[in-house]
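So the structure is just underneath, and the comments pick up after that.
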Amino acid sequence: MDERKIIFSGIQPSGEMTIGNYLGAMRNWVKLQEEYNAYYCIVDMHAITVPKEPAYLRKKSIELLATYLACGIDPEINTLFIQSHVSAHAELAWVLSCMAYMGELNRMTQFKDKSKKNETSISSGLFTYPVLMAADILLYQTDLVPVGDDQKQHLELARDIASRFNNKYSETFKVPDPYIPKVGARIMSLQEPGSKMSKSDENENSYILMLDKPDVIKRKIKRAVTDSLGTVKYSDEQLGIKNLMTIYSSFSGENIESIEQKYEGSGYGQFKNDLTEVIVEGLRPIREKFDNLMKNKDYLENIYMLGANKAEAVARKTLRKVYKKVGFIPRKFK
Ligand code: TYM
């Protein structure tokens, strides 16, 4: 019997991965994998809440799996799988959507932000998406969900739905806790440091991709917004520099005070040069491993095939319990 606590987390294969995805999520998954029994999912069903070209979605899904592996997520000790391969996710989402309130979903800030961008054709999937996310998590009796800061509200909702279900039908779901890193939970845009770094930003200078080449990283850091104060200080008066220091600290492991000391009196030029170096060296092994993995599609296919089998067995067990508790007649087989 596996005594380890359970982790579930996922990322949408909806575009290129930024260093926000890495520092806020993936990197912590690697740290936690030794201690926990982890399910790391490619949430393709979430990705179609906004329109996606089918071939693009397929490509990004495989690339995301390769990215997980390239970061150091070990397929031998974790379960890596594609959400749409385990139909229990959609099935539980339906039951939970009958327990979630419209008012709760209306309060989700991510929905408000995303729907503002495309006001005429917002899918109802985008609105109910946090319910699918709750289903993802609750199917595995998850203890811990490692995510960036922007997913906190969705996780709160998952906890509320789990408790509501448990109160109504008796203990069924584990109520999960968030795991949000102290540093790196909210990497900000390099161009508008008041907003989150996002893969869907139209300005490509606002983000650094995990697979960006060194010269591209150099250019983006050079263009990153700073201020006229000229001091490398971690302060809310200097949001641009504060964000760059967070990135520096996350990649190098150096703490903020020691970074402040190191660059005392030296201006932004040297700091930006060193930061570029730290990011380039941090991402280099990931890019190299990624390129190799993408040459071996059979290997990747084998991983997501085995992952789906393992995930399915666990998810079905929870779903069966849920169906029984809400009053569905168990299916009989002849
Ligand atoms: P997604 O795909 O938008 O992002 C994946 C992960 O990356 C983190 N992240 C960031 N962290 C720090 N700074 C940033 N700028 C930044 N941008 C993104 C996110 O917080 C997230 O951890 N709904 C989820 C996917 C999901 C999920 C789940 C997560 C679906 N089901 C179940 C956990 C558990 C999402 O859209 O993440």
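The values are calculated or read from the model by the stated rules, or taken from the named source; none is laboratory data. Being a predicted model, the structure only gives us computed values, none of them experimental. When we count neighbours, we look across all protein chains shown, and the Cβ atoms used for this are built from the backbone with ideal geometry, even at glycine.
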Item to check | Selection within the stretch 287-312 - part of a helix (DSSP H, G or I), exposed (fewer than 15 other Cβ atoms within 10 Å of the Cβ) and among the charged types (D, E, K, R) | outcome: E288, D291, K297, D298, E301
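Every residue, every condition in (1) surrounded by fewer than 16 Cβ atoms within 10 Å (Cβ to Cβ); (2) touching a strand residue (DSSP E or B) at 6+ places or on another chain (Cβ under 9 Å); (3) farther than 19 Å from I11 by Cβ, yes or no:
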{"site": "D160", "(1), (2), (3)": "no, no, yes"}
{"site": "T172", "(1), (2), (3)": "no, no, yes"}
{"site": "K182", "(1), (2), (3)": "yes, no, yes"}
{"site": "K196", "(1), (2), (3)": "no, yes, no"}
{"site": "D215", "(1), (2), (3)": "yes, no, yes"}
{"site": "L229", "(1), (2), (3)": "yes, no, yes"}
Checklist outcome for this item: Contact list, first residue from the stretch 14-31 and farther than 12 Å from T67 by Cα and touching a residue at least 12 places away in the same chain (Cβ under 8 Å), second anywhere and assigned to a helix (DSSP H, G or I) and within 9 Å of the ligand (Cβ to nearest atom), beta-carbon distance below 6 Å, six or more apart or interchain, is S14/A47
Checklist entry - Quick one: in the stretch 1-46, which of the residues that are more than 25 Å from L283 (Cα to Cα) and out of contact with any strand residue (DSSP E or B) (no Cβ under 7 Å at 6 or more places or on another chain) is farthest from the ligand (Cβ to nearest atom)? => result M1
Checklist entry - Quick check, is N273 out of contact with any Phe, Trp or Tyr (no Cβ under 9 Å at 6 or more places or on another chain) and farther than 22 Å from K222 by Cα? => result no
Next on the checklist: Any residue that is closer than 20 Å to G24 by Cβ, touching a helix residue (DSSP H, G or I) at 6+ places or on another chain (Cβ under 9 Å) and not in a helix (DSSP H, G or I) - is there at least one of those in the stretch 93-112?
Outcome noted: yes
Checklist outcome for this item: Only one of L132, L80 is touching a Phe, Trp or Tyr at 6+ places or on another chain (Cβ under 6 Å), outside the structural domain of S249 (by TED's automatic domain parsing), in contact (Cβ under 8 Å) with a residue 24 or more places away in the chain and under 28 Å from L23 (Cβ atoms), namely L80
Item to check | Whichever residue in the stretch 47-60 is assigned to a helix (DSSP H, G or I) and surrounded by fewer than 21 Cβ atoms within 10 Å (Cβ to Cβ) and, among such residues, is nearest to the ligand (Cβ to nearest atom) | outcome: L57
Next on the checklist: Looking at N106 and the list (1) over 20 Å from P51 (Cβ atoms); (2) within 10 Å of the ligand (Cβ to nearest atom); (3) modelled with pLDDT under 95, which single condition is not satisfied?
Outcome noted: (2)
Checklist entry - Within the stretch 233-253, how many residues are closer than 20 Å to I217 by Cα and either in a loop (DSSP other than H, G, I, E, B) or of a type outside the set (K, R) (or both)? => result 14
